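The values are calculated or read from the model by the stated rules, or taken from the named source; none is laboratory data. Just so it is clear, the structure is predicted and the values come from calculations on it, not from any experiment. Heads up, the Cβs are rebuilt from the backbone with ideal geometry, glycines too, and the neighbour counts pull from every protein chain shown.
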Amino acid sequence: MSMAFAGNAGFTPNINPAWAGDVLTRDHNLPGGAKLDAAAFQSADAIKVVVGAAGAAIGATSIPVDALSGAIPANAFLNFGTLAPVVVTVGAAGALAGATTVPVDALSGPIPNGTVIHLGTNKFIVLNAAAAAGATSLTTLAIPTALVDNDTGTFKGGTRQARVATAAAKSATSIAVDELQFALADDDAAYYDIPGQKRRVAQGTVVGWTHAEMEAAAAGGLLLGPAGDSDDIVRIILFDVPDVDSNPDCELYRAGGLLKVNFLPSWADLSATVKTKLRAQYETTVGGPGAEVPAS
């Protein structure tokens, strides 16, 4: 068993986590088994800002949020993620003036609500609902000019960033910000790292990699990031990594071990695809007082 880390109160000592159903001998623990890509992780101690159900429109100066776990000072910047450029090409059916639905070739990425896209001389659309990657139609305000097959425009993308205009207290459910350049939707998330605090990656974090990444990195080593749907291999970090910037080494729970999914702290935030891969690569169960039953 690894030695406990004597750190800040928020750290989990290196004892057998509740979600690991096996004794952590060499059969189930891969000590020093991997290195993390520090830049790919948010600190487990950062304040997570989750946009509330109402969302926030372009130009809004207030963002509804789930109750904050800590205070966020004025002038802090919140990064809700970057949107890639998307070419918008009108589909064969076109759209008449006044239409509120525009057929398009499948989108390469998402486009937020309220976005204005120019499609040629005197031709433009204003989205009246967010469009997901792969969408083949756009919901818009009534278009002023008819559109025809292959009319083309580009959503330029950018960073969905907000500057906090007024300090937000712990438990606050809204944040005053400068006018938003991009709309934000329910459950969009950003993180505020407290200055001077070490960046911790928590036990129970699921990491992943592809076979191609593993083979390409065989000589120089592989840096792991959070598990994604495209990863072939998924593993679970056994113990807290206290300061990923200074020491990215981590210990992994070996494949085939018993995993109590209801005790895994990250379970609720994982995609359905990653959950399926965990079920395939570990023996899964639901832990409880006095009994364990197979997990669905």
| Just for the stretch 158-214: of the residues that are basic (Lys, Arg) and outside any loop (DSSP other than H, G, I, E, B), which one is nearest to PRO226 (Cα to Cα)? | ARG160
| said: Quick check on my filter: what residues within the stretch 189-211 are under 13 Å from the mean Cα position of the chain (by Cα) and either without any contact (Cβ under 8 Å) to a residue 60 or more places away in the chain or surrounded by fewer than 21 Cβ atoms within 10 Å (Cβ to Cβ) (or both)? | reply: ALA189, TYR191
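Residue-wise test of (1) farther than 25 Å from LEU138 by Cβ; (2) buried (at least 18 other Cβ atoms within 10 Å of the Cβ); (3) modelled with pLDDT of 95 or more; (4) within 22 Å of the chain's Cα centre (by Cα).
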| residue | (1), (2), (3), (4) |
| --- | --- |
| MET3 | yes, no, no, no |
| PHE11 | yes, yes, no, no |
| ASP27 | yes, no, no, no |
| THR101 | no, no, yes, no |
| VAL104 | no, yes, yes, no |
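Would you check which residues across the stretch 215-242 are in a loop (DSSP other than H, G, I, E, B) and over 21 Å from THR284 (Cβ atoms) and list them?
ALA217, ALA218, ALA219, GLY220, GLY221, LEU222, SER230, ASP240, PRO242
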| note | Log entry, pairs with first residue in the stretch 114-126 being modelled with pLDDT under 95, second being not in a strand (DSSP E or B), beta carbons closer than 7 Å, six or more apart or on different chains, reads GLY114/ALA57; GLY114/ILE58; GLY114/ALA183; GLY120/ASP151; ASN122/THR145
| So ALA39 clears everything in (1) in contact with a Ser or Thr (Cβ under 7 Å, 6 or more places away or on another chain); (2) without any contact (Cβ under 8 Å) to a residue 12 or more places away in the chain except one condition, right? Which one? | (1)
| task | Counting only residues that are hydrophobic (A, V, I, L, M, F, W, C) and under 30 Å from ALA168 (Cβ atoms), give me the strands (runs of 3 or more DSSP E) lying completely in the stretch 73-157 with at least 3 of them. | result | 77-83
| query | Within the stretch 37-52, which residues are at pLDDT 95 or above and in contact with a Pro (Cβ under 9 Å, 6 or more places away or on another chain)? | reply | VAL51, GLY52
| Cβ-Cβ below 9 Å, separation at least six or inter-chain, first residue in the stretch 89-104 and within 16 Å of ASN150 (Cβ to Cβ), second of a type outside the set (Val, Ile, Thr) and loosely packed, with under 11 Cβ neighbours inside 10 Å: which pairs? | PRO103/ALA92
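Of all residues in the stretch 28-45, how many are outside any strand (DSSP E or B) and farther than 20 Å from ILE194 by Cβ? Outline the logic, then answer.
Filtering the stretch 28-45 for residues outside any strand (DSSP E or B) gives 28, 37-45.
Subsequent filtering for residues that are farther than 20 Å from ILE194 by Cβ retains 28, 37.
Of the residues in that region, 2 qualify.
Of all residues in the stretch 72-88, count the ones that are surrounded by 15 or more Cβ atoms within 10 Å (Cβ to Cβ) and farther than 30 Å from ASP149 by Cα. Step through it out loud before you land on a result.
We begin by selecting, within the stretch 72-88, every residue surrounded by 15 or more Cβ atoms within 10 Å (Cβ to Cβ); these are 72, 76, 78, 80, 83, 86, 88.
If we keep only those that are farther than 30 Å from ASP149 by Cα as well, we get 72, 76, 78, 80.
Adding up the residues that qualify gives 4.
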| task | Just give me the residues in the stretch 212-227 being surrounded by 12 or more Cβ atoms within 10 Å (Cβ to Cβ), more than 18 Å from VAL261 (Cα to Cα) and touching a residue at least 12 places away in the same chain (Cβ under 8 Å), in sequence order. | result | MET214, LEU222, LEU223, LEU224, GLY225
| task | Taking ALA56 as the residue in question, decide whether it is under 17 Å from GLY114 (Cα atoms) and either at pLDDT below 95 or not assigned by TED's automatic domain parsing to the domain that holds ASP245 (or both). | result | yes
| query | Considering only the stretch 262-280, how many residues are in contact with a Leu (Cβ under 9 Å, 6 or more places away or on another chain) and either modelled with pLDDT of 95 or more or assigned to a loop (DSSP other than H, G, I, E, B) (or both)? | reply | 4
| said: Please verify whether ASP66 is closer than 19 Å to ALA183 by Cα, modelled with pLDDT of 95 or more and among the charged types (D, E, K, R), treating the condition exactly as stated. | reply: yes
